[in-house]
Amino acid sequence: MAVGKAGERKLLTGKCIIVGVTGGIAAYKSAELVRGLVKEGADVHVIMTAAAQEFITPLTLQTLSRNPVITDMFAPPSRWEVEHVALADRADLLVIAPATANIIGKIAAGIADDMLTTTVMAMTGPVLLAPAMNVHMYENPVVQRNLRLLQELGYHIVEPEEGPLACGYSGKGRMAPVEKIIARCREILTGGDLQGLSLLITAGPTREYIDPVRFISNPSSGRMGYALAERAAQRGAEVILVTGPVALAPPAGVKVVQVESALEMQAAVEEYFPAVQAVIMAAAVGDYRPAVKEEKKIKKEKDEVVLRLVKNPDILAGLGEKKGDKVLVGFAAETHQLAEYARRKLREKKADLIVANDITNPGSGFGTLTNAVRLFYADGREEELPLMKKEDVAEVILDRVLELLKSRKVG
Ligand code: C5P
């Protein structure tokens, strides 16, 4: 592996990357992207659409990439006409950043009417898209359908982020930060740091049925578990996601097992447990279930109904009893005495790490996009993370799981 002047690892040395730039205001950020990829050792070739050149000049990207920028299919020298195929053959990766609704639509429809789209069609290697557009454009069902279709076809997508947009609106549509795009390029090209690892992740609520149409549940959205599963898969892990009912799309490249009740979740978790090295229990498992599930719908004849509940098995504690050298991570959603309960859970469930959050804090807990968590380790260490997006919390948890697994191997 090549090492730079400052001793930093250059993970992209010898890799040929095509950067496609399309006509969105985020096009100015492509300069940083090209610079970052070159800095990591990649041989970068830029293709710009006509609209992109209204936002940033080819000269800027030519200077930063140290290669001629391809802008026009029919401009002399006409060798570009075949060059797009040659470049597509040679490239290890094509990344389009920003990717407008227009280019996404064209790729999804198989249109090849300029240098960038013809190169995309000629690519046999991976293609990464970094969408950037107005929030309403991004939410448009046609754009969403196109992105889903491309994802199913194996295109990689680094999702836009929420925040103030150049058009004056606020919402999802801002291009992912350049560092994130470069990290995805690295993962795609090097396989990711979790390669070779099998993870079992649980997510969402459980439903404990009273009768065929009624159940006891909780407001878990599943976002934390889905974010963990998605990032783990992108970082190269093999992921089994056992999920309660949620309104989220299954993450790409993840084996999804749908369950409803705690007992079903337990059965699925037990089935896959022997095959994995680590388990992250992000599901909000119902602690109790009705002692009897009525076969027929309970009619509202009586003024009062008494429901008898029995305790569900503690899935995580069950795994703790037979964990061997597997890493077990649990979550603790608390309203009070957070540290005390988290430490007790570590002991009682024989977990290696408990991710605890105070659900009375604004921005934390059920249904939110963000979370402020404290990490409690079996060896007594503690770590407090600031309020972060659940995707970023997921990243840190996966980093820690990897560290725990590595320390286990060494120790
Ligand atoms: O004990 P408590 O429910 O607060 O513990 C939360 C952690 O234990 C979570 O990781 C949750 O997924 C897991 N859990 C479980 N089985 C249960 C209840 C919780 O595995 N029945």
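The values are calculated or read from the model by the stated rules, or taken from the named source; none is laboratory data. Quick caveat: nothing in here was measured; it's all calculated off a predicted structure. When we count neighbours, we look across all protein chains shown, and the Cβ atoms used for this are built from the backbone with ideal geometry, even at glycine. The area values use the complete protein model at the heavy-atom level, side chains included, leaving out ligands, DNA and RNA. Shrake-Rupley method; radii C 1.70, N 1.55, O 1.52, S 1.80 Å.
In the range 235-250, the condition of being open to solvent by less than 20 Å² (accessible area, probe 1.4 Å), outside any strand (DSSP E or B) and of a type in the set (D, E, K, R) is met by at least one residue. Going through the range 185-197 one residue at a time, which ones are in contact with a helix residue (DSSP H, G or I) (Cβ under 8 Å, 6 or more places away or on another chain) and part of a loop (DSSP other than H, G, I, E, B)? Across the range 185-197, the qualifying residues are GLY192, ASP193, LEU194, LEU197.
Out of all the residues in the range 308-327, which are more than 9 Å from the ligand (Cβ to nearest atom) and aliphatic (A, V, I, L, M)?
The initial filter retains those residues of the range 308-327 that are more than 9 Å from the ligand (Cβ to nearest atom), namely 308-310, 320-327.
Correct list: LEU309, VAL310, VAL327.
Just one of the listed residues (THR118, THR100) is at pLDDT 95 or above, in the same structural domain as LEU61 (by TED's automatic domain parsing) and among the hydroxyl-bearing types (Ser, Thr, Tyr), and it is THR100.
Take LEU398 and tell me if it is within 14 Å of the ligand (Cβ to nearest atom) and either modelled with pLDDT under 90 or outside the structural domain of GLU159 (by TED's automatic domain parsing) (or both). First the steps, then the outcome.
Details: within 14 Å of the ligand (Cβ to nearest atom): no; either modelled with pLDDT under 90 or outside the structural domain of GLU159 (by TED's automatic domain parsing) (or both): yes.
Criteria not met by LEU398.
Screening ALA52 with (1) modelled with pLDDT of 95 or more; (2) surrounded by fewer than 18 Cβ atoms within 10 Å (Cβ to Cβ) gives one miss only, at (2). When we screen ALA166, ALA132, ALA176 for residues that are under 22 Å from GLU32 (Cα atoms), modelled with pLDDT under 95 and of a type outside the set (Ser, Thr, Tyr), the only hit is ALA166. The set of residues in the range 260-307 that are farther than 13 Å from LEU241 by Cα, within 15 Å of the ligand (Cβ to nearest atom) and part of a loop (DSSP other than H, G, I, E, B) comprises GLU260, SER261, VAL285, GLY286, ASP287. For GLU383, all conditions in the list (1) in contact with a Gly (Cβ under 8 Å, 6 or more places away or on another chain); (2) farther than 26 Å from GLY196 by Cα; (3) in a strand (DSSP E or B); (4) not small (Gly, Ala, Ser) hold save one; what is the number of the exception? Failed condition: (1).
Among the residues of the range 108-126, which ones are of a type outside the set (S, T, N, Q) and open to solvent by 10 Å² or more (accessible area, probe 1.4 Å)?
ALA108, ALA109, GLY110, ILE111, ALA112, ASP113, ASP114, MET121, ALA122, MET123, GLY125, PRO126
So which of TYR288, TYR226, TYR272 ends up being aromatic (Phe, Trp, Tyr) and crowded, with 20+ Cβ neighbours inside 10 Å?
Numbers: TYR288 fails: crowded, with 20+ Cβ neighbours inside 10 Å; TYR272 fails: crowded, with 20+ Cβ neighbours inside 10 Å.
None of the others qualify; the one that does is TYR226.
Note on the range 328-344: residues that are part of a loop (DSSP other than H, G, I, E, B) and more than 13 Å from the ligand (Cβ to nearest atom) total 0.
Using the structure shown, decide if PRO141 is over 24 Å from GLY14 (Cα atoms) and open to solvent by 80 Å² or more (accessible area, probe 1.4 Å). First the steps, then the outcome.
Numbers: over 24 Å from GLY14 (Cα atoms): yes; open to solvent by 80 Å² or more (accessible area, probe 1.4 Å): yes.
Spelling it out, PRO141 is indeed over 24 Å from GLY14 (Cα atoms) and open to solvent by 80 Å² or more (accessible area, probe 1.4 Å).
Table: residues versus (1) surrounded by fewer than 16 Cβ atoms within 10 Å (Cβ to Cβ); (2) hydroxyl-bearing (Ser, Thr, Tyr); (3) at pLDDT 95 or above; (4) away from the ligand (no atom under 15 Å from the Cβ).
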{"position": "LEU346", "(1), (2), (3), (4)": "no, no, yes, no"}
{"position": "VAL355", "(1), (2), (3), (4)": "no, no, yes, no"}
{"position": "ASP358", "(1), (2), (3), (4)": "no, no, no, no"}
{"position": "PHE376", "(1), (2), (3), (4)": "no, no, yes, no"}
{"position": "PRO386", "(1), (2), (3), (4)": "yes, no, no, yes"}
{"position": "GLU391", "(1), (2), (3), (4)": "no, no, no, yes"}
{"position": "ALA394", "(1), (2), (3), (4)": "no, no, yes, no"}
